[in-house]
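These notes are about the structure you will find just below.
The values are calculated or read from the model by the stated rules, or taken from the named source; none is laboratory data. Source: prediction; values computed, not measured. Cβ: placed from backbone, ideal geometry, glycine included. Neighbour counts: every protein chain shown.
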Amino acid sequence: MLSSVKSFAIAFAVAIIIFGLIGYFTAPQLRSLTDNFLTPGEEAPHQGSYDIPPVPDAKAGIISDPAQFPEHKSFTMLLIGSDYQPEVFSDYRVSVENSTDMEVLSTHQRHYKADVAVLVSYNAKTGVVMFSAIPSNLMVTASGIQMRLGEVLEKKNVTYFTELVAGIVGMPIDYYICCQISLFIDVINKLGGIKYDVPVNMNYVDEEERIVTDGSSRAPIPLIIDGRQIYDENGEPVMIPAGKAFTINLTKGIQTLDGEKASWVMRYNSYANGFTGRRDTQISFFRTFFETFAKEENRSRLSGVISLINTSSYGSTNMTSSDFEELADTILAYSGYEKTNVNFPGSISGTGPDERISFARNTVYTTYDKYRIN
C-alpha cells in the first residue's frame, strides 16, 4: 500500500514538473493564438492598451498605382449615415399600453447613432471596387466600455469612429463622408432622385418616433380620451408628443425614390433575417448610387455634393473639393472597374433590438487583407 502511494506521489511530482515546463515555453504562443480570436470586448489587458486596434502594415493616404488604371489613384472611404434628425423628430417618447392603463415615459433627449457604415475601396492596381457594410450593432470597446459600433459616433466623434473601423478591418481609410438623415435627403434630391429596386415591401410604424411637420408646434399635446383630459397618478396632465408617428411605406419593386423615400430604405430594419437583410440592402443601394451617378456627365453635380456636405451643419467629411477633383477620374470610371461585395465575418446573436454581432479579429483581417491598398 505504502509502495503504491509512494509511486503515485513520485509520478504526480514528475507530471507537475513536465506540465510546468510545457506551460512555461508554450504559454506565449497559446496566449497569442487566443488573443487573435478574442472580440474587442473580451480582449485581455495588455501593456499600452488601446481602444482603436492598429492597422497592420498600413500605408495611409492616397497611393498612385502604375497598374490596370495607371492614371487613377487608389483610395478607401467610409460612408456613414446617422439617424439623428432633431429638426424633424420630437424629443419625446410615449408608450400607451391600453385605453384604460396608460404609461407615459419620462421626457428625455433622444440619442443618435451611426445607422449605416459602408466601406468603399477603389483599387486602381487590381481594377476592383469593393463594398462592405460594417454592422452598426457590432460589439466594440470605446474608453473601456463595451457598446455597439453605432453608438460610438455619439460617444466619441466621426474621426474616432472612422479610425476604429479602420483598425477593425485592418485597412487604412483615407476619407469619410458622414450624413445625418436630413442631409442625405438633400443630397438625393439635389441629384434628382434615384431609380432603385426596393427588395421587399417596407412597412413600419413607430409611435415613439414623432415627426413634427414644418411650421407646427413642437410642444407636447394633452392626452384627451372621449372628451376627457387624462391625468397621471400625481395629478399631472398626461402629454403626448406633437406630430405623427414615423412611418415607412414602400412597395417592393423598381421605382424612383426621392430623398425621403431613399432615407426610408436606409432606415428600414424589419427584415426576417435581421442584419443580413439590411446589409444586402445597404450594399445594393450604394452600388446603385455609384452606377447611377459615377459618370463623367455628373462630375459637376458630384462636386457640388461634396461642397454641400462641407458647408452643411448636418454632416461632415474630410474630403475637400480639391480632393474630389484629384479623385474624380477614378470615381467617374466606376463602370470600368470590377465590383465585389465583402460580407463582414461576424457571429450574430439575439434578434430584433437585441441583435448583436461579435467578431474574431484575425478572421476579419484575413477577410479584408486582399483588398487593402499597399
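Data overview
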| read-out | value |
| --- | --- |
| Residues (in contact with a Gly (Cβ under 6 Å, 6 or more places away or on another chain) and surrounded by fewer than 14 Cβ atoms within 10 Å (Cβ to Cβ)) located in segment 222-276 | THR256, ASP258 |
| ILE373 being at pLDDT below 90, within 30 Å of THR292 (Cβ to Cβ) and surrounded by 14 or more Cβ atoms within 10 Å (Cβ to Cβ) | yes |
| Residue in segment 299-320 that is farthest from THR281 (Cα to Cα), counting only those that are in a loop (DSSP other than H, G, I, E, B) and touching a residue at least 12 places away in the same chain (Cβ under 8 Å) | THR320 |
| Inter-residue pairs, beta-carbon under 7 Å, first of a type in the set (A, V, I, L, M) and in segment 349-366, second at pLDDT 90 or above and part of a helix (DSSP H, G or I), 6+ apart | VAL364/ILE168; VAL364/VAL169 |
| Where GLU326 falls short, out of the listed (1) over 30 Å from TYR204 (Cβ atoms); (2) outside any helix (DSSP H, G or I); (3) not basic (Lys, Arg) | (2) |
| ASP174 vs. criteria more than 15 Å from the chain's Cα centre (by Cα), of a type in the set (Asp, Glu) and under 30 Å from ARG372 (Cβ atoms) | yes |
| Long-range neighbours under 6 Å by Cβ, at least six apart or interchain, first residue under 19 Å from THR126 (Cβ atoms) within segment 321-347, second of a type in the set (Asp, Glu) and part of a helix (DSSP H, G or I) | LEU332/GLU296 |
| When residues of segment 123-171 are limited to those that are among the small types (Gly, Ala, Ser) and assigned to a strand (DSSP E or B), the one nearest to the chain's Cα centre (by Cα) | ALA133 |
| Given (1) exposed (fewer than 14 other Cβ atoms within 10 Å of the Cβ); (2) under 22 Å from GLU163 (Cα atoms); (3) under 16 Å from the mean Cα position of the chain (by Cα), number of the condition PRO353 does not satisfy | (2) |
| Verdict on ILE254 being in a helix (DSSP H, G or I) and aliphatic (A, V, I, L, M) | no |
